[in-house]
Amino acid sequence: MFSVILPVYNAENSIKNTIQNIIREFIFEEDELIIVNDGSTDGTEEVLSEYIYAKQVKIINKINEGVSTARNVGMANTSESSKYITFVDDSDTLSNGYFQKCYEFFNKHKHIKLAVSPIIISENGLYRDHNLNYRFKYENSIVDIMKKINFIHYHIGGTIFNKKFLEEHNYKFDEKLNYWEDAKFINEIILDVRKYGLIKDASYFYNRNKRDSLSHRSWKNEDRYTNHIKNNYFELIEKSKKLYGKNLNYIQYLLANHYVEFLREQNQDKINLEKVVLDSYFEIESIHLFEHIDNKIINMLPVSPRIKSILLWFKADALDYNSNYKDISVYIHNFSLKSRKIKFSFSEESYGINIDALVLIRESQSQHNKANNIGYKATYILGEEIKDFSENMYSIKLPFKYMIKDFEFQIIDEENKLITYVKSKSIIKRIFNRKIVSKFKNMNSYRNITGKV
């Protein structure tokens, strides 16, 4: 019934746990685990030798040709009785009752050709939801990409396919690719079928502890940059246009959402800047890509104004900063009861305000006190410093009345001819509501402006 394809490469420390987990979840005698050892150079083959005579296990040892070839080899060796195919990576596991829940889903929704389960990321002993898991709060079990354009999918783990459908249409992983090949494979199918299922009561556990995993190595991969845009993004755009006469909103959202990984602050120390700064084609292809993505899609993305602004720059357009300013909030990081001094910053909605803007607080009807700018956290995106007002840290002594009374800050940006008011709860209310927070865990990451610690 179920064929599980398990590509393996140098996984001697994790593979046994993965194999035992999968076999334990099988529910039919004809269920099978096809292990494709893709030229491992450690002790993986020795570990696999323990399963040579296991009834439900097939082991294929081959030279190293990459994960796409390994998955294709696995698909080519599934049994005639197989009805569903899924893929598990060599350090991942499945939740209790996984295949039972999958069987129940497909038995109920016979017309669905692929379905996905929630992904739980395991890292350093902690578990967290994958950022795609918002879809599983949807009241329905079937996603129509024409209607739910932000319900994107790109992770091969936790995806189950109808085997007959794959064979009839000769779907294969692109063996020329060694990055995002799974997302391309999945979304070529999704473009054909328009709908996919949500298996809400099963989970795929994605192990992020393996330091040489594809996710950890991908930023060093030359194909992660310009070639990725050309060979993955644009091929999906072309298929969408061929099938529907346009680049579907779903594909636009998928590609814009994934491109954002280049711009996230936490990824900057991983990115190969030679591939984005010295390679002029990366910028050219990025601009070309966003010619196929509408502004409304960019504005839908759950990202900061800073990132939206960069994406809109590719379209020679600008973010409407003013629409965000009404939502600016204040983070109070530290408060001294004795001196009544606070350290504070403003939320990401303040992006676009000049970093040298004045910040004031009203002392009386006729007097305003100026906040001191005590630090600025420099941010670099793709090698360029991004001037972001929200990265400023301020200090000011509060009038006593604001201990118990709500107050507001005044931001005066002379360069942009802008005056913005930001309201704040009183210190007492913040204490009771636990609204004194630490946005920046490491104060030493700030570039000192005053010269004082």
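Per-residue ellipticity at 222 nm computed for the chain from its helices equals -7500 deg cm²/dmol, with DSSP H segments shorter than 4 residues left out and the rest contributing -39,500 (n - 2.57).
The trypsin sites (Lys or Arg not before Pro) of region 1-109 that DSSP puts in a loop, and whose beta carbon has at most 13 other beta carbons within 10 Å, are K55. Backbone geometry of region 289-296 corresponds, through the Karplus equation with coefficients 6.51, -1.76 and 1.60 at θ = phi - 60°, to 3J(HN,Hα) couplings of 4, 7, 5, 9, 10, 6, 4, 5 Hz, x marking Gly and Pro. Rg then Dmax, both in Å and based on the Cα atoms of the chain: 26.2, 87.
Cross-link check: pairs K195/K239; K16/K62; K148/K275; K101/K137; K101/K246 evaluated at a Cα-Cα cut-off of 25 Å; pairs beyond the cut-off: K148/K275; K101/K246.
Please sort by residue number the GluC sites (Glu not before Pro) in region 88-159 whose DSSP state is loop and whose Cβ has at most 14 other Cβ atoms within 10 Å.
Counting only loop positions with at most 14 other Cβ atoms within 10 Å, the GluC sites (Glu not before Pro) in region 88-159 are E139.
Phi angles of region 48-53 translate, via the Karplus equation with coefficients 6.51, -1.76, 1.60 and θ = phi - 60°, into HN-Hα couplings of 5, 4, 5, 10, 4, 9 Hz per residue; Gly and Pro are given as x. Counting charges near G157 (Lys, Arg +1; Asp, Glu -1) among other residues having Cβ under 9 Å from its Cβ returns a value of -3.
A simple charge model with +1 on the Cβ of Lys and Arg, -1 on the Cβ of Asp and Glu and nothing else charged puts the dipole of the chain at about 2620 debye relative to its Cα centre. Charge tally for I145 (other residues, Cβ to Cβ under 9 Å; Lys, Arg +1; Asp, Glu -1): +3.
Atom-type composition of the exposed protein surface of region 60-183 places 46 percent of the accessible area on carbon and sulfur (1.4 angstrom probe).
Once all Cα-Cα distances of region 373-439 are split into 5 Å bins that start at 0, what whole-number percent is in each one? Per 5 Å bin, starting at zero, the Cα-Cα P(r) for region 373-439 comes out as 4, 12, 16, 21, 20, 13, 8, 4, 1, 0 percent.
Summarising the amide proton neighbourhood of N10: residues at separation of 5 or more, or on other chains, whose placed amide H is nearer than 5 Å comprise S40, T41, D42.
Values of log10 I(q)/I(0) for region 110-204 across q = 0.10 Å⁻¹ run -0.28, by the Debye formula with one identical scatterer at each alpha carbon and no solvent.
The local environment of Y421, defined by Cβ-Cβ distances under 15 Å, has a net charge of -1 under the rule Lys, Arg +1 and Asp, Glu -1. The residues of the chain expose on average 49 square angstrom of accessible surface per residue, using a 1.4 Å probe on protein heavy atoms. At the listed q of 0.14 Å⁻¹, the Debye profile of region 1-106, built from one uniform point per Cα, gives log10 I(q)/I(0) equal to -0.49.
Residue by residue, region 62-68 carries 3J(HN,Hα) couplings of 8, 5, 6, 10, x, 5, 5 Hz when phi is fed to the Karplus relation 6.51 cos²θ - 1.76 cosθ + 1.60 (θ = phi - 60°); x denotes Gly or Pro. Suppose we keep just the DSSP beta bridges with both residues in region 105-244; what percent of those would be antiparallel, to 5? Antiparallel: roughly 60 percent of the beta bridges in region 105-244.
The values are calculated or read from the model by the stated rules, or taken from the named source; none is laboratory data. Remember, predicted model here, so these are calculated numbers, not experimental data. Because the Cβ atoms are built from the backbone with ideal geometry, glycine has one as well, and the counts that use them run over all protein chains shown. All accessible areas refer to the heavy atoms of the entire protein, side chains included, with ligands and DNA or RNA removed. Shrake-Rupley method; radii C 1.70, N 1.55, O 1.52, S 1.80 Å.
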